[in-house]
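A.B. asks: Sharing a structure below in structure tokens format, with a few things to ask.
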Amino acid sequence: MTTTAKTGNPDTDTPKGHGFLELIDVDHVELYVGNAKQAAYYYAAAFGFNITAYKGLETGCRTHASYLLEQGNIRLVLTTALTPDHPACKHVSLYGDGVKDIAFCVKDALAAYEATTSRGGNGAMEPSEAEDRYGTIRQSAIHTYGEVWHSFVDRSEYKGKFFPGFEPIDPPVNRINREGDCGLRFLDHAVGNVEEGKMNEWVRWYEEVMGFSMFKHFDDADISTEYSALMSKVMSSGRGIIKFPINEPAPGKKKSQIQEYLDWHNGMPGVQHLAFRTDDGINSVGELRRRGVEFLHLPDTYYEIIWDRVGEIKEDRAKVKELGILVDRDDKGYLLQIFTKPIEDRPTLFFEIITRRGSESFGKGNFKALFESLELEQERRGNL
Ligand SMILES: [Fe+2]
């Protein structure tokens, strides 16, 4: 991992659009958590992230502690409050652990701030500089849905590990990852849940403020079971760096999984899941299962009908079934995907592990099977 622009996402190198925002890549995703020290251990031991840098009391920061976790091209930052007035403290009490910031690498943080705020974006952090002996980072941030930020980070004049104030670390838990690689490479997409009737507002926001365009949309005819439904539109940055599906609940006989999220997220929109891309879904999911990661169960009948629909795949079908991986095909190819159970006690944030073999979609053919599984979990929690 270098501190310059990252290049692990193959989509990054293929300009697809005309975005006025020059987003180089996703820089990092920051989560506010209740106990960053313990959370870092969990993400390292369960998901294969290396804990590579730290900021806290020992490094002179007296308001919060943050851990940088890295895997492939993915950077997660886990931040916990050290004082009651740090924003992470209130955030965690209201919403539990969750995503605070999906930050982008940019060439010019000031220009990104001016371009987005002049188009109606709401500023969260005015352009500022942070420096230490390794150089200067320029950054700014705007608000998106709920309490989530999009930061803009220009690290072109910074040679340090991550951000000023962070010191490199290599705790013993990283050894587990050197012995068995989980193979997660980069953030494929990040999904937001918003309130019923608000999806189109946020679609317009990504179009107008960020210069994104709509990549796909699904309505409740696509994504529903007998009981519950949702609607989803996928927004894509001009250069296709990352896709941002936005979901809203749709009326059904029983409660939508999106509504369950909102109920347990204090009514506030937020990030529902982060999807990490791997080149080898069989190895990645096998390793994650070995480490104790819990995934959603599929209905028993899933594999009885899937192969007729999906046809030939490169992977061993028996392995796919044994690991409980979902498969879907579109006109460009196929994908393998699997979803973790919520990664905290509230039914809010979860992760997806995805392998794309040509497919650029999101597993539409799996929605029904998946939602029946989700409803089963909702029913167990008394939330259906
Ligand atoms: Fe997804």
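A.B. asks: Could you run the Karplus curve 6.51 cos²θ - 1.76 cosθ + 1.60 with θ = phi - 60° over segment 80-96 and give me ³J(HN,Hα) per residue in whole Hz, x for Gly and Pro?
C.D. replies: Each residue of segment 80-96 in turn: 10, 6, 9, 10, x, 9, 6, x, 5, 5, 5, 4, 5, 5, 7, 10, x Hz.
A.B. asks: Now for a separate question. For the chain, what does the relative contact order come out to in percent, with C-alpha contacts under 8 Å and a separation of six or more? Let's see the in-between values first.
C.D. replies: Working: 891 pairs, mean separation 62.5, N = 384.
Rounded, it is 16 percent for the chain.
A.B. asks: Enumerate the calculated ³J(HN,Hα) couplings along segment 369-379 in order (Karplus 6.51 cos²θ - 1.76 cosθ + 1.60, θ = phi - 60°), each rounded to whole Hz, writing x wherever the residue is Gly or Pro.
C.D. replies: 4, 5, 6, 5, 5, 4, 5, 4, 5, 4, 5
A.B. asks: Under 19 Å from a point placed 7 Å out from the Cα of Lys255 along the Cα-to-Cβ direction: which residues of segment 327-349 have their backbone N that close?
C.D. replies: Correct set: 341-349.
A.B. asks: Could you tally the net charge around Gly120, taking each other residue with its Cβ under 14 Å from the Cβ of Gly120, Lys/Arg +1 and Asp/Glu -1?
C.D. replies: On the way: positive: Arg119, Arg204; negative: Glu114, Glu201, Glu207, Glu208.
Surrounding charge for Gly120 is -2.
A.B. asks: Next question, about the same structure. Determine the sum of side-chain charges near Thr348: Lys and Arg each +1, Asp and Glu each -1, restricted to other residues whose C-beta is under 11 angstrom from that of Thr348.
C.D. replies: Every neighbour counted, the sum reads -4.
A.B. asks: Turning to a different aspect of this structure: Suppose R0 equals 51 Å. What FRET efficiency, 1/(1 + (r/R0)^6) with r the Cβ-Cβ distance, do Leu94 and Glu304 give to the nearest 0.05?
C.D. replies: Working: r = 43 Å, r/R0 = 0.85.
According to the calculation, E is roughly 0.70.
A.B. asks: Take the cross-link list Lys254/Lys332; Lys55/Lys233; Lys198/Lys243 and give me the ones stretching past 27 Å between alpha-carbons. Can you show the working numbers first?
C.D. replies: On the way: Lys254/Lys332 35 Å; Lys55/Lys233 37 Å; Lys198/Lys243 18 Å.
Long pairs (Cα-Cα over 27 Å): Lys254/Lys332; Lys55/Lys233.
A.B. asks: Just grab the label-to-label distance for Cys61 and Asn200, each label 7 Å out from Cα along the Cβ direction, in nm (one decimal).
C.D. replies: Going from the Cys61 label point to the Asn200 one covers 4.2 nm.
A.B. asks: Taking the beta-carbon count within 10 Å as an exposure proxy, list Tyr41, Tyr67 from fewest neighbours to most. It would help to have the intermediate numbers written out before the result.
C.D. replies: On the way: Tyr41 15, Tyr67 27.
Listed from fewest to most nearby Cβ atoms, that is Tyr41, Tyr67.
A.B. asks: Related question: Ranked by Cβ crowding within 10 angstrom, fewest neighbours first, how are Cys61, Cys182 ordered?
C.D. replies: Details: Cys61 15, Cys182 24.
Fewest-to-most ranking of Cys61, Cys182: Cys61, Cys182.
A.B. asks: While we're here: Which of the aspartates and glutamates could a cross-linker bridge to Lys90, judged by Cα under 18 Å and excluding same-chain residues fewer than eight apart?
C.D. replies: Glu30, Asp101, Glu147, Asp263, Glu344, Asp345
A.B. asks: As a footprinting exposure proxy, order Phe215, Phe163 by other Cβ within 10 Å, with the fewest listed first. Let's see the in-between values first.
C.D. replies: Numbers: Phe215 19, Phe163 22.
Sorted ascending by nearby Cβ count, the order is Phe215, Phe163.
A.B. asks: Sum -39500 (n - 2.57) across every DSSP H segment of at least 4 residues in the chain, then divide by the residue count to get the 222 nm mean residue ellipticity, nearest 500.
C.D. replies: -7000 deg cm²/dmol
Values quoted throughout were computed directly from the atomic coordinates according to the rules given, and no laboratory measurement underlies them. The structure presented is a predicted model; accordingly, all values stated were derived computationally and were not measured. Backbone-built Cβ (ideal geometry, glycine too); neighbour counts: all protein chains shown.
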